[in-house]
Each structure stands twice: as C-alpha cells, then as structure tokens.
Amino acid sequence: MVVVMKPGSTPRQVEHVVQRVREMGLKDHVIVGTERTVVAVIGDDRFKDRTVLESIEGVEKVVPILAPYKMASVEVRKERTLVPLGGKLGGVVGGRKVAVIAGPCSVEDRSRLLETAHAVKEAGAVALRGGAFKPRTNPYTFQGLAEEGLKYLAEAREQTGLAVVTEVMSIEQIPMVVEYADVLQIGARNMQNFNLLSRVGETRKPVLLKRGMSSTLEEFLLAAEYVLAGGNTQVMLCERGIRTFENDYVRNTLPLAIVPELHRRSHLPVVVDPSHGTGKRHLVEPMCLAAVACGADGLLLEVHPDPEHALTDGAQSITLAQFRDLMASIRRVAAAVDREV
Ligand code: PEP
Ligand code: MN
C-alpha cells in the first residue's frame, strides 16, 4: 500500500508514519515528490490494518497497490525516474534526451576498445558498453578478459569521459565490477537470478536490467522489483528481444510495443537494444529509429571497428562509420517526437 501525505505535511508526521509501518513489521520507502510526500509500504500487508495509518495526522489517504510489483509501479511513484549514468559527459537516462550507450559486445583488446570509445564519443554516445565477463552458450568460446578488460574500460572512461556499462554475471564478481564500472548490466540469462538481483540492489550503482529472452513483461518488472526492494532506485529496463519461432531472418524478435506499455505501468526508464534484438547489422538502424519513435529513453548498441573479426556478436555489430550515420538519422526522428539525442 501507499500512504499519501497531505500537501504541506511535516517531516515529523512522515516520521510518525514510518515508525508505525516498521512496528507493523513492514518496510517503508519515503518518496518526496514535488507536490507531496508518499510512503510506500513494502511487504505482505494483506492482513494489516490500514486504518491505523489512515488516522495519523498529516495522512491524506492510504491506497492499496494493485500491481504485484510495487516500487517499480506508477502507483507508487508518478514522476519518471531519471538515472544519471556517471562518467564526465553528464548522460542521464529517462529525460528528454535519448541516451546512446555504444561499444563492442566484448572487450577484446586495449587498442580496439580505445579506438571504439573515441569514435562513439565523437559521434554523440554518452556511455561505453563492453563485456569483460561474457555469458557464452558454448564453454569453449571466448569468455571475456575479466579484470584486464575492466581496466581497459576504466582507461577508456579516463580518456573520453564516457560512463562505463558492463555486465556482472555473479555475486562474487560484484565487488570487482563495482570498482571499475559506472553501470552494472544484468544480462538476459540472469534476469531471474534473484540472489544476484538482490545483491546488486544493495549497491548504489545504476543497474541496466536486460529482459530475459523468455520472460513476460510482468516477470521483467518483478525482476526490477528485486533490485528496487534492496534500496537501489537507479534501475533501467532494457528490452533486448525475445525468443519466438522466428530464428532465421532475425536472431530474436524485438517487441517494441513493450516500450509504451512499460512507460504506462512503470516510472523506470526504458532502453532498447536492437543489436541483440535483431542479431543482424542491417536491421539495427531501422529498429533504432522505431525505438526512438515509440519513446525509448536510451539505446544500447554493439559497435566494432572490424565486425568481421569480432570475437563475439560480429553479425549484429555495426561499424564506426555506420554508427556515425545512425546517430544522424536518430537525431531526425528524435526531433520529430520532441526528444533530443
Ligand atoms: C550483451 O549485451 O552482450 C549480452 C550478452 O546481452 P544479453 O544478456 O541481452 O544476451
Ligand atoms: Mn553481445
């Protein structure tokens, strides 16, 4: 449930509500809005007496949250969440500007990473992506450079000011990845690794949560809820395509209707990944345009100086030159829907 305070309620009244919520064995989360403060009550409140809270001075009303996800829901928070990415370029996801996060699928070597970082920055990206820990289907293929890769990412940030977005695959990797990264990516295969989600929820790094390839929208939002329930409010939802019977002309099917639907149900920003969403280089640009047109707050793109020789995901990686052209195209679409890039 949500305890909605009256406009002009005092901090002491809010504190009183918080105390009573805790006495009821529930968790509180105070959200100070521009007009009024609300206290989100988290936990199983089905058998709790709402009237206790309703009678506290300064309380306007107590309303149940109908969605199974609570903190992620617009019922708890009406204002859109803005997620600052870190780095020196001031990139934010969720505002009027569409944030572009670009870079290789995997960090492969220092010089190619730095070359890519400089190129995507010049073209207008605000963050650099690149996996140092790779979730590979085949255990005999390239698994990532681990800490060495993280060091190259940090060096690229140093040189360009780009924020660093990189995947953390397990709980044991969290301290190391937190040391180097600005944003923790949770991969599609880990979207329902609930222990990992809870632990990244204890960090204060922004989280880019990818949708599981066979997960429903509700499961996706409940996964985000695990992170939010830990107290980490900086969550971005990333649609990266789902598995369907279609596996030839595309690797995954990119369901863009999820963008407006997530915006309708949640205040969290939505990022679209047309690289994994299609698996095909020639489909990346058109799907970027469509994603921006339907309201995406950010794009996650695989870019490589020599995709043919990429160690991972070359077929869906665009070249540095294609990335520059793509940025010019998405700027036109963004302007048409009253956004900027
Ligand atoms: C990636 O971003 O390279 C990646 C492994 O993505 P996903 O988890 O969506 O497959
Ligand atoms: Mn990839």
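Things worth noting here:
- Any hit, region 250-266, residues being of a type outside the set (Lys, Arg), touching a residue at least 60 places away in the same chain (Cβ under 8 Å) and open to solvent by less than 10 Å² (accessible area, probe 1.4 Å): yes
- Restricting region 212-230 to residues that are free of Cβ contacts under 8 Å to residues at least 40 places away in the same chain and touching an Asp or Glu at 6+ places or on another chain (Cβ under 8 Å), the residue that is nearest to LYS70 (Cα to Cα) is GLY230.
- Residues being within 12 Å of ligand 1 (Cβ to nearest atom) and open to solvent by 30 Å² or more (accessible area, probe 1.4 Å) - total across region 238-249: 2
- In region 109-120, the residues that are in contact (Cβ under 8 Å) with a residue 40 or more places away in the chain and open to solvent by 70 Å² or more (accessible area, probe 1.4 Å): ARG110, GLU115, HIS118
- Of VAL38, VAL59, all but one fail to be at pLDDT 95 or above and either more than 16 Å from ligand 1 (Cβ to nearest atom) or of a type in the set (Val, Ile, Thr) (or both); the exception is VAL59.
- First in region 86-100 and without any contact (Cβ under 8 Å) to a residue 60 or more places away in the chain, second anywhere and open to solvent by 10 Å² or more (accessible area, probe 1.4 Å) and of a type in the set (A, V, I, L, M), Cβ under 8 Å, 6 or more apart: GLY90/VAL126; VAL92/LEU82
- So CYS294, is it more than 16 Å from ligand 1 (Cβ to nearest atom), modelled with pLDDT of 95 or more and not aliphatic (A, V, I, L, M): yes
- Residue in region 329-337 that is among the aliphatic types (A, V, I, L, M), modelled with pLDDT of 95 or more, within 21 Å of ALA125 (Cα to Cα) and in contact with a strand residue (DSSP E or B) (Cβ under 9 Å, 6 or more places away or on another chain) present: yes
- Selection from region 267-304 of residues that are farther than 20 Å from GLY103 by Cβ, in contact (Cβ under 8 Å) with a residue 60 or more places away in the chain and hydrophobic (A, V, I, L, M, F, W, C): LEU268
The values are calculated or read from the model by the stated rules, or taken from the named source; none is laboratory data. Note that the structure is predicted; figures quoted are calculated from it, not measured. All Cβ positions, even for glycine, are placed from backbone atoms using ideal geometry, and neighbour counts span all protein chains on display. Quick note on the areas: whole protein, heavy atoms, side chains included, nothing else; ligands and nucleic acids left out. Shrake-Rupley method; radii C 1.70, N 1.55, O 1.52, S 1.80 Å.
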